[in-house]
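Novice: The following block contains the structure, expressed as structure tokens.
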Amino acid sequence: MPVILKIEHADGQKTAVWEITEDEFKLLELAKLNKTDSIRLSLISNHGRRLEWLATRALLTQFYTAIPSIDYKENGKPFFNDLKDKISISHSGTMVAIALHSTQTPGIDIEMLNQRIFKIATRFLGDEEKVAIGNNPTVEELTIVWGAKEVLFKIYEHGEVSFKEDLLVKPFKISPRGSFSGIIKKDDKNAHIPMEYMQIGNYMMVHTNYSYSDFEKNSEL
């Protein structure tokens, strides 16, 4: 079973990554769909999307005996219909990642490392971040910043945000794994969010890590 990462954090968050190597029939067997989800799957025609959808449900079997039903808000953010737990989902290439938390709002993003990120860097890098990463950032550094802003965006529930103006990633030291924080700056309020990044092969994953204590605990969301 290709669960390549499974973390149970000290604060209660659960983070896991699945690498899709199975065909659809095997994922169907592993996902253990109920009748409602079987109907939902039948409405998805894209093959790649079906595999991602099934892998997400297969990942949930790592944490729940009865697989909870996932629905989506108007803004596309997932939530459980029948559980108080909160969920965040991300997928890229053959990787699917989830983060779960019973009390906090989790966020997760996984991205394949790709040189194309240099072409869009000016769209999401703020002035402070440009100074922090310098004039010659690596693809890994830019992907961490992008992934962190995706996480912050997923956490924010109250409307549109500008990746460049409203979301700030604090400086970090590049390594295979590290902790840092980001800030959601919206409507004259600041929410400080602790995060962790981790390189997994040719992918970079960023997720919330509320057990990381080196941040300002003055969230105002």
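The values are calculated or read from the model by the stated rules, or taken from the named source; none is laboratory data. The shown structure was predicted, so the numbers you read here are calculated from the model rather than taken from an experiment. Positions of Cβ are backbone-derived with ideal geometry, glycine not excepted, and every protein chain shown enters the neighbour counts.
Yes/no matrix, rows are residues, columns are (1) on the phi < 0 side of the Ramachandran plot; (2) in the same structural domain as Val151 (by TED's automatic domain parsing); (3) among the β-branched types (Val, Ile, Thr); (4) over 17 Å from the mean Cα position of the chain (by Cα):
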site: Phe25; (1), (2), (3), (4): yes, no, no, yes
site: Ala31; (1), (2), (3), (4): yes, no, no, yes
site: Asn34; (1), (2), (3), (4): yes, no, no, yes
site: Ile44; (1), (2), (3), (4): yes, no, yes, yes
site: Arg50; (1), (2), (3), (4): yes, no, no, yes
site: Gln62; (1), (2), (3), (4): yes, no, no, yes
site: Ala66; (1), (2), (3), (4): yes, no, no, yes
site: Asn75; (1), (2), (3), (4): yes, no, no, no
site: Phe79; (1), (2), (3), (4): yes, no, no, no
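Novice: Consider only pairs whose beta carbons are under 8 Å apart and that are at least six residues apart or on different chains; among these, list those whose first residue lies in segment 146-164 and is among the β-branched types (Val, Ile, Thr) and whose second residue is surrounded by fewer than 16 Cβ atoms within 10 Å (Cβ to Cβ).
Specialist: Ile155/Leu221
Novice: Would you point out the residue of segment 71-88, among those that are without any contact (Cβ under 8 Å) to a residue 24 or more places away in the chain and buried (at least 18 other Cβ atoms within 10 Å of the Cβ), that is farthest from Gln199 (Cα to Cα)?
Specialist: In this case the residue turns out to be Lys86.
Novice: Any residue at all in segment 19-40 that is aliphatic (A, V, I, L, M) and either touching a Cys at 6+ places or on another chain (Cβ under 6 Å) or surrounded by fewer than 13 Cβ atoms within 10 Å (Cβ to Cβ) (or both)? Walk me through how you get there before you give the answer.
Specialist: Our first condition is that a residue be aliphatic (A, V, I, L, M); within segment 19-40, this holds for 20, 27-28, 30-31, 33, 39.
So of that shortlist, the ones also either touching a Cys at 6+ places or on another chain (Cβ under 6 Å) or surrounded by fewer than 13 Cβ atoms within 10 Å (Cβ to Cβ) (or both) come out as 39.
Checking segment 19-40: at least one residue is aliphatic (A, V, I, L, M) and either touching a Cys at 6+ places or on another chain (Cβ under 6 Å) or surrounded by fewer than 13 Cβ atoms within 10 Å (Cβ to Cβ) (or both).
Novice: Report yes if some residue within segment 89-99 is out of contact with any helix residue (DSSP H, G or I) (no Cβ under 8 Å at 6 or more places or on another chain), farther than 17 Å from Val151 by Cα, free of Cβ contacts under 8 Å to residues at least 60 places away in the same chain and surrounded by 15 or more Cβ atoms within 10 Å (Cβ to Cβ); otherwise report no.
Specialist: Checked against the condition, which is being out of contact with any helix residue (DSSP H, G or I) (no Cβ under 8 Å at 6 or more places or on another chain), farther than 17 Å from Val151 by Cα, free of Cβ contacts under 8 Å to residues at least 60 places away in the same chain and surrounded by 15 or more Cβ atoms within 10 Å (Cβ to Cβ), segment 89-99 yields no hits at all.
Novice: What's the total number of residues in segment 65-82 that are closer than 18 Å to Ser38 by Cα and either acidic (Asp, Glu) or assigned to a loop (DSSP other than H, G, I, E, B) (or both)?
Specialist: Going through segment 65-82 one residue at a time, the tally reaches 8.
Novice: Have a look at Ile98, Ile117, Ile133, Ile155 and point out the one that is on the phi < 0 side of the Ramachandran plot and assigned by TED's automatic domain parsing to the domain that holds Lys73. Walk me through it before giving the result.
Specialist: Details: Ile117 fails: assigned by TED's automatic domain parsing to the domain that holds Lys73; Ile133 fails: assigned by TED's automatic domain parsing to the domain that holds Lys73; Ile155 fails: assigned by TED's automatic domain parsing to the domain that holds Lys73.
Going through Ile98, Ile117, Ile133, Ile155 in turn, just one is on the phi < 0 side of the Ramachandran plot and assigned by TED's automatic domain parsing to the domain that holds Lys73: Ile98.
Novice: Out of Arg57, Arg49, report the one residue that is surrounded by fewer than 14 Cβ atoms within 10 Å (Cβ to Cβ) and either over 19 Å from Tyr203 (Cα atoms) or free of Cβ contacts under 8 Å to residues at least 12 places away in the same chain (or both). Don't jump to the end; show me each part of the working.
Specialist: Numbers: Arg57 fails: surrounded by fewer than 14 Cβ atoms within 10 Å (Cβ to Cβ).
Testing whether each residue is surrounded by fewer than 14 Cβ atoms within 10 Å (Cβ to Cβ) and either over 19 Å from Tyr203 (Cα atoms) or free of Cβ contacts under 8 Å to residues at least 12 places away in the same chain (or both) leaves just Arg49.
Novice: From the list Thr143, Thr208, Thr138, pick out the single residue that is modelled with pLDDT of 95 or more, polar (S, T, N, Q) and more than 22 Å from Arg116 (Cα to Cα).
Specialist: Values: Thr143 fails: more than 22 Å from Arg116 (Cα to Cα); Thr138 fails: more than 22 Å from Arg116 (Cα to Cα).
Going through Thr143, Thr208, Thr138 in turn, the sole match is Thr208.
Novice: Taking the stated definitions as given, is Ile193 in a strand (DSSP E or B), in contact with a strand residue (DSSP E or B) (Cβ under 8 Å, 6 or more places away or on another chain) and either closer than 24 Å to Met112 by Cβ or not acidic (Asp, Glu) (or both)? If you could, list the steps in order and put the result at the bottom.
Specialist: Working: in a strand (DSSP E or B): yes; in contact with a strand residue (DSSP E or B) (Cβ under 8 Å, 6 or more places away or on another chain): yes; either closer than 24 Å to Met112 by Cβ or not acidic (Asp, Glu) (or both): yes.
Yes.
Novice: Please determine whether any residue of segment 149-162 is in contact with a strand residue (DSSP E or B) (Cβ under 9 Å, 6 or more places away or on another chain), more than 22 Å from Ile110 (Cβ to Cβ) and of a type in the set (A, V, I, L, M, F, W, C).
Specialist: No, because not a single residue in segment 149-162 is in contact with a strand residue (DSSP E or B) (Cβ under 9 Å, 6 or more places away or on another chain), more than 22 Å from Ile110 (Cβ to Cβ) and of a type in the set (A, V, I, L, M, F, W, C).
Novice: Name the residues in segment 95-108 that are modelled with pLDDT of 95 or more and out of contact with any Phe, Trp or Tyr (no Cβ under 9 Å at 6 or more places or on another chain), would you?
Specialist: Going residue by residue through segment 95-108, those that are modelled with pLDDT of 95 or more are 95-101, 106-108.
Across segment 95-108, the qualifying residues are Ala99, Ile108.
Novice: Contact list please: Cβ distance under 7 Å, first residue in segment 3-21 and on the phi > 0 side of the Ramachandran plot, second residue crowded, with 19+ Cβ neighbours inside 10 Å, pairs at least six apart or on different chains.
Specialist: Qualifying pairs under 7 Å: Gly12/His101.
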